[in-house]
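Here is the structure we will look at, set down as structure tokens.
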Amino acid sequence: MVNVVQEVKNAEKDAESIVAEAEEDKKEIISSAKQEAKEIVQETEDSIEKEKLEEMDRFKEKVNQEKEEIIEEGREEANKIRDKAADNLDDVESFLWNNFESEFL
């Protein structure tokens, strides 16, 4: 009988030990899961930030390219205007010279 009581006490101690160990395992698993979740969130945030910066760089490049195209178009238009003005200047000089000759010479 004393043996049975002792076995019950030992079984209770073993059960308490198993429960305590299970609680400790549970805490470690939860802690590990929380840490893993934090890492996943951080990796996701880093990935999003990287993609955002890459998209901003692509947008800036596109804007700069469009700006350069507009500037080039403006240069071409200015050159056309300058050439036309030069042609007109020649016509004006000829017109004035011809009028001068017909009036005074």
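Let's see how each residue does on (1) at pLDDT 95 or above; (2) over 39 Å from the mean Cα position of the chain (by Cα); (3) surrounded by 10 or more Cβ atoms within 10 Å (Cβ to Cβ); (4) not in a helix (DSSP H, G or I):
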position: 3; (1), (2), (3), (4): no, yes, no, no
position: 8; (1), (2), (3), (4): no, yes, yes, no
position: 25; (1), (2), (3), (4): yes, yes, yes, no
position: 69; (1), (2), (3), (4): yes, no, yes, no
position: 92; (1), (2), (3), (4): no, yes, yes, no
position: 98; (1), (2), (3), (4): no, yes, yes, no
> Within the group 62, 84, 80, which residue is surrounded by 10 or more Cβ atoms within 10 Å (Cβ to Cβ) and within 30 Å of the chain's Cα centre (by Cα)?
Replying inline: 62
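The values are calculated or read from the model by the stated rules, or taken from the named source; none is laboratory data. Remember, it's a predicted structure, so these values are computed and weren't measured experimentally. Because the Cβ atoms are built from the backbone with ideal geometry, glycine has one as well, and the counts that use them run over all protein chains shown.
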